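These notes are about the structure you will find just below.
The values are calculated or read from the model by the stated rules, or taken from the named source; none is laboratory data. All values reported here derive from a predicted model rather than from experimental measurement. Cβ atoms come from the backbone with ideal geometry, glycine included; neighbour counts cover every protein chain shown. Keep in mind that these areas ignore ligands, DNA and RNA; they rest on the heavy atoms of the full protein, side chains included. Shrake-Rupley method; radii C 1.70, N 1.55, O 1.52, S 1.80 Å.
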Amino acid sequence: MDTTMIDDAVRRVLEQPRPLPIVQAGDPVLRRRAEDVPADVDRGLLSELIAAMRESMHAAPGVGLAAPQVGLGLRLAVLEDPAGLPGDVADARDRRPLPFTVIINPEYRQVGHDTATWYEGCLSIAGWQAATERAVTVELRCLDEDFAPVVERFTGWQARIVQHETDHLAGTLYVDKAILRSLSDNSSYTQRWSGADLQQARNQLGF
């Protein structure tokens, strides 16, 4: 897709009511590898898209939103996590606040061998969560909203968010990596499995 076509696609997305509707699983846009955001994209449109995605992420609410989730096959995502959890849960998950971050054309690699398994969900699979193993530490390479190169390491829950949103841009949903025996609707997750210890869920659900 050339830049003119990309600009037109962004305009079409921005013509929708706000907050932007979030595409649900089953839509092919979530299963295709997104295209790189070109350096000559209309920067005004890009800024408007980023603002609209941030608004939609907050409204959902969520801690990350990738462009395919608003129907746009571009390698762009926004991240932000206030991390407002009880102290014991936040400590167990290594969940710390993540300031608003824009990642363009990102790639990540695992650093070290440590992994952690926790429940996670997705705005494009509304109402469900499942335990998913992720790398504890990743190195992210991307461009920021000004197209400046970024190389940064993330750990804990911040690394989980980076992996989840970057995976979206390759057409991968978290359920592709999840332990499906753990699958729980949001109500069951909140009542039973949202604490600091995953072992109870492992014992009772058999995963």
Roughly what % of DSSP beta bridges within the chain run antiparallel, to the nearest 5? 95
What dipole magnitude, in Debye to the nearest 20, does the stretch 1-86 give about its Cα centre under +1 on Lys/Arg Cβ and -1 on Asp/Glu Cβ? 260
Distance between the stretch 73-112 and the stretch 150-202 - C-alpha centres, whole angstrom: 11
Is the stretch 52-142 best put as rounded, prolate or oblate by its Cα gyration tensor, with a ≥ b ≥ c the root eigenvalues, rounded for a/c under 1.5, and otherwise prolate when a/b is larger than b/c, oblate when not? oblate
In terms of the charge dipole of the chain, which places +1 on Lys and Arg and -1 on Asp and Glu at the beta carbon, the residue among 204, 87, 158 farthest towards the positive end is 204
Calculated [θ] (222 nm, deg cm²/dmol) that DSSP helices of n ≥ 4 give over the chain, each run adding -39,500 (n - 2.57): -8000 deg cm²/dmol
If I take the Cα coordinates of the stretch 128-177 and project them onto the principal axes, what are the three extents in Å, biggest first? 35, 22, 14
Using a 1.4 angstrom probe and counting only protein chains, how large is the accessible area of residue 107 in Å², to 10? 90
A correct Kirkwood calculation over the Cα atoms of the chain returns a hydrodynamic radius in Å of 17.5
Run the dipole for the stretch 98-179 about the Cα centre, Lys and Arg Cβ at +1, Asp and Glu Cβ at -1, nothing else charged, and hand back the magnitude in debye, nearest 20. 220
Of the chain, which part is the longest with no trypsin sites (Lys or Arg not before Pro) in a loop (DSSP not H, G, I, E, B) and with at most 16 other C-beta atoms within 10 angstrom? 34-176
Calculate how steeply helix 156-168 sits against the longest principal axis of the alpha-carbon atoms of the chain, using the helix alpha-carbon long axis, and give the answer as 0 to 90 degrees to the nearest 10. 50
Using a 1.4 angstrom probe on the protein heavy atoms only, could you order 113, 168, 58 from most to least accessible area? 113, 58, 168
Between 0 and 90 degrees, rounded to the nearest ten: what's the tilt of helix 43-59 against the longest Cα principal axis of the chain? 30
Report the charge-dipole magnitude of the chain in Debye, nearest 20, computed about the Cα centre from +1 at each Lys and Arg Cβ and -1 at each Asp and Glu Cβ. 700
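Per residue and in cubic angstrom, what volume does the convex hull of the Cα atoms of the stretch 95-206 have?
Dividing the Cα hull volume of the stretch 95-206 by its residues yields 110 Å³.
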